[in-house]
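Chemist: Have a look at this one.
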Amino acid sequence: MSPENTKELLESETSGGLKTELTLGLPGDSQVQKSGIKRGFTDVVHLNDAIAESQPHSKAQVVGWPPVRTYRKNLMKNGKYVKVAVDGAPYLRKVNLEIYSSYQDLLTAMGDMFTCLTICNVLNERKLMDSANGEEYVPTYEDKDGDWMLVGDVPWKMFVESCKRLRLMKSSEAIGLGSAAPSTPSKGSSISC
Amino acid sequence: MDPKLKKTKDSSSNSANSPDSTHSSFPFPDEVLERVLSLLHSHKDRSSVSLVCKDWYNAERWTRTKLFIGNCYSVSPEIVARRFPRIKSVTLKGKPRFSDFNLVPQYWGADVHSWLVMFAKVYPFLEELRLKRMTLSDESLKFLATSFPGFKALSLLSCDGFSTDGLKAIATHCKNLTELDIQENGIDDFGGGWLSCFSENCSSLEVLNFASLSSDVSFDALEKLVRRCKSLRILKVNKSISLDQLQQLLVQAPQLIELGTGSFQQELTPRQYEDLETAFSKCKNLQTLSGLWEATSLHLPVLYAACASLTFLNLSYATLRSDELAKLVAHSPNLRRLWVLDTVEDKGLETVGSSCPLLEELRVYPADPFELDLHHGVTEAGFLAVSHGCRKLHYVLYFCRQMTNAAVATIVQNCPDFTHFRLCIMNPGEPDYLTNEPMDEAFGAVVKTCTNLQRLAVSGLLTDLTFEYIGRYAKNLETLSVAFAGSSDRGMQCVLQGCPKLRKLEIRDSPFGNAALLSGVEKYETMRSLWMSACNVTMSACRLLAKDMPRLNVEVMRDEGSDDRQADKVYVYRSVAGPRRDAPPFVLTL
């Protein structure tokens, strides 16, 4: 759906023809859609707004809908969805940690999700960089104890279990976290890039 | 039908009227007729045969060994016992399908016990029992296990009311058990001890499916069981079985045709990995593969050798990504049926389109049905991609968050042979996301193009036009599921008037009212059942229907706190057994 259509849709939902121009974007604002399959971030956000306005109830409130058998629903509850926040962007995303098997996988996915960010491996540390404005982001997470940790220090499975949410922190703010324990050899699925 | 049989029909219809000409002009003696009819297995054919004349009715009832009852309340155990003296296998279905989605309260009914009591009396040589959406207690299972010495096969799908204690009884007492198939039931799992109850002499198992149970079983007991049962062809274990344990089982049973793995995630040594790979490569007869919980790209490659012969791959419990699926299907060119989670996304479905030209059935389930973020899951693009590459597709179940009329039109052009088209756009009342129009034209295209359509589930923003199309074109439609759709009574009326083969109609949250309900007064006796919930039907219309049609059971359930006049949930079904006597207080039989 092109940005023009989403904007039209949004306008048609607002009463009295008031133009509420929401221009949202991540640092580096991506307007370009990726290969027609996944939408640009801004499009998704606009569409969500439109739907939220037209649907009085959230899906979760409707009994027995979508029609997924209880057995399957209970199984799938085990999916580990965590919120991902990016400094500077007002809207969060969600990822299912269970579908990734390594830190590299996760970073790649986050790069896909926030289309302006690319992975850059600097000195064995994992970072994401916004090529548009040169801003660097460091992946951090809140663990079970409520502490904010640098992503990548513990074995992957342990991370999945203890991670409550993710935050891509601006490098400039992450200075305190940056110099953790001396880096261990980057082998296996635990720490390597 | 056999021309010989047809000839008999003609001559016997002449003699049918005269009382004592039962056999004089009848070319075949009873024994021959019975011999011929015993070769008929389809219950629909048998039903037709029994309507020809009295002789055929009798011959058929004496030769029927398999009983199929699609609605346990449509007939009573007594009536069945009187008609069929020699039954060895029974299939019984109970609750309305929407009970799978919590729309039917607990203790609604469909208890199998009274049937079991009758079977014990009349069919002591019963061998097989297959139950779907029935309630059964542990006591019933114990009764079953101890009442039928020749009992061989038990299959329970979507049932409730029992626990693993009941399974203990089955394992302990059924000495000739060939099949134990426990699927997706609401069951209390008190532990895996039941598996250890199989006697050491038990070697007859051919089918063992306990994939949906969660507790640990004794691996030692399982391994010994698998080793003893040389005829085992279907084995589906649960999550408690690890990868290296799976390897040990496979080594004992390379003859398996269907395999359900346990957990597919474990730290394996290189040697263990290799052994597992070898074990899979030795399974030359594998046609079906399922389970694969927590499977990731680390271990999926062990399957590749076995994928070549696969015709059915059930990945609906594996949160695979597109690249992981791509590699799997690349090794599985013979796939006919594929079930996946929408974590594979459109990209994954594209690889299905290019790797599986023989695909006939695709099911895409939602990994997180309540996730509002449109970024997840599949879209029309994935479905389109599959339709381009898999022209033989005839069964689809597709959960998505967006769809367009144009895409569906193209899809059915690519695949005009759909017999089952179940599209679930997960946001209720969602329009075509590109044009913002209703999805009427999409389903219009489906019914116009797919003349063999038997089953249809509609979704998205739909007006009465969709139902006009269905009534006009879907002449082979037997099952229709409707949710959050339609504009007025006219929609439902079109369907009732236009679909001659309609057997099951289930509707929820749609604006169909009394006029619609009553327009089908003569239709419902030709159908198995009608379900309407959260529609605009009132008690008075239901009472009228019940009064006019004595051979229909009209049951109403009311929601808490709702108006006395509203019939919140209506279930109408034909029955020769009269109103049911076991209805709980919240089911009003009119």
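Chemist: Under the condition of being more than 10 Å from chain B (Cβ to nearest Cβ) and either of a type in the set (Phe, Trp, Tyr) or in a strand (DSSP E or B) (or both), which residue from the stretch A:81-90 is surrounded by the fewest Cβ atoms within 10 Å (Cβ to Cβ)? Before you say what the answer is, go through the steps one by one.
Modeler: Of all residues in the stretch A:81-90, those more than 10 Å from chain B (Cβ to nearest Cβ) come to A:82-90.
Subset that is either of a type in the set (Phe, Trp, Tyr) or in a strand (DSSP E or B) (or both): A:82-86.
Details: A:Val82: 17, A:Lys83: 13, A:Val84: 21, A:Ala85: 16, A:Val86: 25.
In this case the residue turns out to be A:Lys83.
Chemist: Working carefully through the options B:Phe162, B:Phe190, find the one that is in a loop (DSSP other than H, G, I, E, B), in contact with a strand residue (DSSP E or B) (Cβ under 9 Å, 6 or more places away or on another chain) and within 24 Å of B:Ser137 (Cβ to Cβ).
Modeler: B:Phe190
Chemist: Tell me the residue from A:Asn133, A:Asn124, A:Asn78 that is more than 10 Å from chain B (Cβ to nearest Cβ) and modelled with pLDDT under 65, please.
Modeler: Exactly one residue qualifies, and that residue is A:Asn124.
Chemist: Return yes or no: is B:Leu423 surrounded by 20 or more Cβ atoms within 10 Å (Cβ to Cβ), aliphatic (A, V, I, L, M) and closer than 22 Å to B:Val572 by Cα?
Modeler: In short, no.
Chemist: A further question follows. Just for the stretch B:465-502: of the residues that are under 20 Å from B:Leu518 (Cβ atoms) and in contact with a strand residue (DSSP E or B) (Cβ under 6 Å, 6 or more places away or on another chain), which one is surrounded by the most Cβ atoms within 10 Å (Cβ to Cβ)?
Modeler: B:Val482
Chemist: Next question. Among the residues of the stretch B:203-217, write down those that are farther than 18 Å from B:Ser155 by Cα and either buried (at least 21 other Cβ atoms within 10 Å of the Cβ) or in contact with a Leu (Cβ under 9 Å, 6 or more places away or on another chain) (or both).
Modeler: Once the filter is applied, which keeps residues that are farther than 18 Å from B:Ser155 by Cα and either buried (at least 21 other Cβ atoms within 10 Å of the Cβ) or in contact with a Leu (Cβ under 9 Å, 6 or more places away or on another chain) (or both), the stretch B:203-217 yields B:Ser203, B:Val217.
Chemist: Could you list, in sequence order, all residues of the stretch B:543-568 that are farther than 28 Å from B:Val80 by Cβ and surrounded by 18 or more Cβ atoms within 10 Å (Cβ to Cβ)?
Modeler: B:Ala567 - this is the single residue of the stretch B:543-568 that is farther than 28 Å from B:Val80 by Cβ and surrounded by 18 or more Cβ atoms within 10 Å (Cβ to Cβ).
Chemist: Between a residue in the stretch A:77-99 that is over 25 Å from B:Ser263 (Cα atoms) and any residue that is of a type in the set (Asp, Glu) and at pLDDT 80 or above, which pairs come within a Cβ distance under 9 Å, given they are 6 or more apart or on different chains?
Modeler: A:Lys94/B:Asp368
Chemist: In the stretch B:64-92, which residue that is of a type in the set (Gly, Ala, Ser) and not in a loop (DSSP other than H, G, I, E, B) is farthest from B:Ser42 (Cα to Cα)?
Modeler: In this case the residue turns out to be B:Ala81.
Chemist: For the stretch B:205-220, enumerate the residues that are free of Cβ contacts under 8 Å to residues at least 40 places away in the same chain and farther than 17 Å from B:Leu243 by Cα.
Modeler: B:Leu205, B:Glu206, B:Leu208, B:Ser212
Chemist: Right, next: How many of the residues in the stretch B:349-383 are over 18 Å from B:Leu335 (Cα atoms) and hydrophobic (A, V, I, L, M, F, W, C)?
Modeler: Total satisfying the criteria: 6.
Chemist: Tell me the residue from B:His331, B:His376, B:His394, B:His388 that is within 14 Å of another protein chain (Cβ to nearest Cβ) and not aromatic (Phe, Trp, Tyr), please.
Modeler: Criteria check complete, one pass: B:His376.
Chemist: For the stretch B:521-553, how many residues are closer than 19 Å to B:Val482 by Cβ, of a type outside the set (S, T, N, Q) and not in a helix (DSSP H, G or I)?
Modeler: 9
Chemist: I need every pair where a residue in the stretch B:101-116 that is farther than 18 Å from B:Leu154 by Cβ and away from chain A (no Cβ under 11 Å) has its Cβ under 7 Å from the Cβ of a residue that is of a type in the set (Lys, Arg) and surrounded by 18 or more Cβ atoms within 10 Å (Cβ to Cβ), sequence separation at least 6 or different chains.
Modeler: Filtered contacts from the stretch B:101-116: B:Trp108/B:Lys95.
Chemist: Right, something else. Conditions first: (1) surrounded by fewer than 21 Cβ atoms within 10 Å (Cβ to Cβ); (2) closer than 19 Å to B:Gly260 by Cβ; (3) away from every other protein chain (no Cβ under 14 Å). B:Thr172 passes all but one, so which condition is the exception?
Modeler: Single failed check for B:Thr172: (2).
Conditions (1) within 14 Å of another protein chain (Cβ to nearest Cβ); (2) without any contact (Cβ under 8 Å) to a residue 60 or more places away in the chain; (3) of a type in the set (A, V, I, L, M); (4) assigned to a helix (DSSP H, G or I), marked per residue:
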{"site": "B:Glu371", "(1), (2), (3), (4)": "yes, yes, no, no"}
{"site": "B:Ala406", "(1), (2), (3), (4)": "yes, yes, yes, yes"}
{"site": "B:Ala409", "(1), (2), (3), (4)": "no, yes, yes, yes"}
{"site": "B:Asp417", "(1), (2), (3), (4)": "no, yes, no, no"}
{"site": "B:Asn427", "(1), (2), (3), (4)": "yes, yes, no, no"}
{"site": "B:Ala442", "(1), (2), (3), (4)": "no, yes, yes, yes"}
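Chemist: With the requirement that a residue be surrounded by fewer than 21 Cβ atoms within 10 Å (Cβ to Cβ) and more than 14 Å from chain A (Cβ to nearest Cβ), what does the stretch B:284-316 give you?
Modeler: B:Lys284, B:Asn285, B:Gln287, B:Thr288, B:Tyr304, B:Ala305, B:Ala308, B:Ser309, B:Thr311, B:Phe312 - these are the residues of the stretch B:284-316 that are surrounded by fewer than 21 Cβ atoms within 10 Å (Cβ to Cβ) and more than 14 Å from chain A (Cβ to nearest Cβ).
Chemist: Among (1) within 26 Å of B:Glu258 (Cβ to Cβ); (2) at pLDDT below 95, there is one condition B:His376 misses while meeting the rest; what is its number?
Modeler: With (1) within 26 Å of B:Glu258 (Cβ to Cβ); (2) at pLDDT below 95 applied to B:His376, the lone miss is (1).
Chemist: Now for a separate question. Only one residue in B:Glu522, B:Glu478, B:Glu506, B:Glu437 is among the charged types (D, E, K, R) and closer than 21 Å to B:Gln413 by Cα, so which one is that?
Modeler: The conditions single out B:Glu437.
The values are calculated or read from the model by the stated rules, or taken from the named source; none is laboratory data. Nothing here was measured: the structure is a model prediction, and the numbers come from that model. Quick reminder, even Gly has a Cβ in these numbers, built from the backbone with ideal geometry, and neighbours come from all protein chains shown.
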